[in-house]
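Here is the structure we will look at.
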Amino acid sequence: MPFIIDFWHWWVFAIILTTLEIILPSFFALWLGIAAFFTGLLLLLFPDMTWQFQWLLFSLLAVMSIILWRKYYKKYPIRTDEPLLNRRGEQHIGRLVTLSSPIVNGEGKVILDDSTWKVRGTDCPAGTRVRIVGVENVILQVDIVS
């Protein structure tokens, strides 16, 4: 006797995917879980669907849910009162600091709060006041303050 996929199999799969999303937040398994839930719902309404059509439907619903979320997110991005919270380098843009080591061949170091940061800018001696004007990966871009 062949194994038959029933609607509740899809719902259990949806619960597993949603649980995975909660445990390992990737914001991807959620959309697969939604697709699995709706595949199970459609199978409940149309019980004669073949397993091949069920998987095709699941795949289409998964892709469609991801595309719809991306469109929605671009139109209505999540607002926060701390947009730079996890972007430490960008938090320092605009600050005036004193170089802790000279900028030689375009690279030097500066101490900010409790960390030492690499900086890029015009060659100048240690003790020079500079303004942080940008960030490239984890290297701060600086200009000399006149």
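Quick look at the numbers
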| item | result |
| --- | --- |
| Over the chain, relative contact order from alpha-carbon pairs under 8 Å, at least 6 apart, % | 15 percent |
| Distance histogram for the chain (every C-alpha pair counted, 10 angstrom bins, percent rounded to whole numbers) | 11, 25, 16, 13, 14, 12, 8, 2, 0 |
| DSSP-assigned coil residues among chymotrypsin sites (Phe, Trp or Tyr not before Pro) in the stretch 1-104, each with at most 12 further Cβ atoms within 10 Å | Phe3, Phe27 |
| Degrees, to the nearest 10: 7-23 long Cα axis against longest axis of the chain | 10 degrees |
| Cα-only radius of gyration and Dmax that characterise the stretch 88-144, units Å | 9.6, 26 |
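None of the figures in this text is laboratory data; all of them are computed from the coordinates on show. Bear in mind the structure is a predicted one, so any value in this text is a computation, not a measurement. As a convention, Cβ positions derive from the backbone with ideal geometry for all residues, glycine included, and neighbour counts pool all protein chains shown.
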